[in-house]
Structures are given as C-alpha cells and as structure tokens.
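Heads up: the structure comes next, in structure tokens.
The values are calculated or read from the model by the stated rules, or taken from the named source; none is laboratory data. Worth saying up front: this structure is predicted, and the values here are computed from it rather than measured. When we count neighbours, we look across all protein chains shown, and the Cβ atoms used for this are built from the backbone with ideal geometry, even at glycine. Only protein heavy atoms, including side chains, enter the accessible area calculation; ligands, DNA and RNA are left aside. Shrake-Rupley method; radii C 1.70, N 1.55, O 1.52, S 1.80 Å.
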Amino acid sequence: MTARGGSTHRARAVAAAAAVLTVAAGLGVRTVTDGAVAKYAGDALYTVLICALVALCAPRARPLPVAGAGLGISWAVELSQLTGVPAALSEHSAVARLVLGSTFNAPDLFWYAVGAAAAWAVHGAATWRAPAPPTAASR
C-alpha cells in the first residue's frame with residue numbers, strides 16, 4: 001500500500017471512529033439529561049455525525065469543506081421539514097423520524113452551526129501539521 005493509500009485508510013478509520021463516538025455521545029446526553037439541553041446537544045451532534053460521515057466518504061477533504069457540507073446537509077434536512085414530507089415519512093418509519101425529523105424548529109439551524117463549528121475545530125486540530133523546521137539549504 002502506498003503512503004497516500006495508507007493515509008486515506010487512516011483518515012477513513014478516524015472518521016468512522018468519530019461517527020461511532022458521536023452516536024455514543026448523543027445517546028449519553030439523552031441518558032443523563034433531557035429537555036432543551038438534550039434536544040440542542042442532539043442537534044449539534046447530528047451535524048457532527050454528518051460531518052464525520054462526509055469525512056468518511058471524502059477522506060482527503062479539508063476541514064472547512066467537510067464542516068460546510070455537514071452544515072448544508074443539516075440545514076437542508078431542517079428546511080425540508082417546512083414541506084411536511086419528513087413528517088409524513090416519520091409517521092411510517094422510525095428511521096425516517098431519526099434522520100429527517102418531523103417539524104421545523106428555527107433554533108435548530110443555530111445548533112447545527114454550532115455542531116459544524118465543533119466538527120471543523122476537531123477535524124482541523126486532528127489534521128494540523130506543524131511546519132517543517134528550516135533546513136540548511138533553505139536558510
């Protein structure tokens with residue numbers, strides 16, 4: 001395996017682990033709290049999960065485009081709730097209810113942005129590399 005293939009494999013493994021940890025965090029939040037804290041933490045974690053899945057599918061993508069895609073997808077799902085289609089699908093499927101929700105809630109848009117910002121920060125920190133020290137030839 002080439003170094004490039006190895007780094008892609010590693011990036012996918014990290015993204016998959018991040019997705020699993022995000023689901024665990026969401027379940028943990030629901031276990032220890034309820035109400036607005038659990039709801040809005042869940043919204044932020046929803047976007048973090050989408051960002052992890054984007055990174056899993058596009059392991060070479062930089063942190064900002066990954067966060068932007070996660071935010072865009074989250075906002076698209078939330079705005080689609082204005083059509084009533086997700087509500088209709090949610091009546092027939094628990095999976096649709098978990099993925100698409102059912103009713104539009106404007107504050108969710110803000111919490112999705114919080115989740116995207118958190119995913120961007122973590123992804124950026126995880127992929128940041130210190131600049132190489134100057135060599136004798138570059139001085």
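Below, the figures for the structure above:
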item: Candidates T31, T47 - the one that is of a type in the set (V, I, T) and modelled with pLDDT under 95; result: T31
item: Matching option when the condition is among the β-branched types (V, I, T), under 26 Å from G124 (Cβ atoms), open to solvent by 60 Å² or more (accessible area, probe 1.4 Å) and in contact (Cβ under 8 Å) with a residue 24 or more places away in the chain, among V48, V66, V77, V23; result: V23
item: All positions within region 51-63 that are in a helix (DSSP H, G or I) and open to solvent by less than 60 Å² (accessible area, probe 1.4 Å); result: C51, A52, V54, A55, L56, P63
item: Enumeration of residues in region 78-104 that are at pLDDT 95 or above and within 19 Å of the chain's Cα centre (by Cα); result: E78, L79, S80
item: Qualifying residues in region 35-77 (those that are more than 11 Å from the chain's Cα centre (by Cα) and among the β-branched types (V, I, T)) - the one farthest from A16 (Cα to Cα); result: V37
item: Residue list for region 111-135, restricted to those being open to solvent by 90 Å² or more (accessible area, probe 1.4 Å), over 13 Å from A52 (Cα atoms) and either assigned to a helix (DSSP H, G or I) or modelled with pLDDT of 85 or more (or both); result: none
item: Residue under evaluation V95, criteria (1) surrounded by fewer than 12 Cβ atoms within 10 Å (Cβ to Cβ); (2) within 15 Å of A121 (Cα to Cα); (3) of a type in the set (V, I, T), criterion not met; result: (2)
